[in-house]
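What follows is a short report on a single structure.
What follows is calculated from the coordinates using simple rules that are stated; it is not laboratory data. Just so it is clear, the model here is predicted, and its values are computed rather than measured. We place every Cβ from the backbone using ideal geometry, glycine too, and count neighbours over all the protein chains shown.
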Amino acid sequence: MRRLLLGALAGAFIVSSSLSWAQVGGPHTAPTEQAPGGTGMGGVDSPDMTLSDGEIVATVAASNRGEITLGTFAQGRASSRAVREFARSTVSAHTEAGTRMAALVQRLGLTSIEGTESLRLNAEATSSRQQLSRLRGGAFDREYLDAQIAAHGELLELLDHKLIPSAHAADLRTALQSDIRPMVAAHLAHARSLRRRL
């Protein structure tokens, strides 16, 4: 009887392992391991960190909200006209991107699912807003641009190593590649250019 029970448990484990393997297309890498060629940025490109389409949508929405919040604040606080204009264009672009993404989400019937990445981006935006609220003048302008460089650089890493590779819906992957990524790259280049002048 004991042998029968052990045999049944072993069989169940093998079937369970095989199903897990088939669902994800291969083995999971342990969370503490870095995937080969990794960036060292919190496991951004680790294969065990695949996101669902709902989590991808929530992550992009969190990024857009953060950029809109910080950009709106910067428009009223920045001392440099160029920085205020950058903030205005960032708010406009992320608002429009959010509208396009919302329409795509509705068309595909996706549901936004808050996950680790979206929650982290929300927390980072809140922290940046708190830090910026203590600054004025040139110090504000420099800190705002530094925050924009960090945020857009991080989002590019997420897009390239996690969001785009994880996208299941072809239309979502296309939107990330041809709409969101070019916008983020352009904002990063613009912020770096402005920062060099301050």
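Can you work out which of the residues in region 152-184 that are acidic (Asp, Glu) and farther than 18 Å from ALA102 by Cβ is surrounded by the most Cβ atoms within 10 Å (Cβ to Cβ)? It comes out as GLU154.
Here the helices (runs of 4 or more DSSP H) wholly within region 83-187 that include at least 3 residues being without any contact (Cβ under 8 Å) to a residue 40 or more places away in the chain and more than 16 Å from SER52 (Cβ to Cβ) are 116-132, 137-158.
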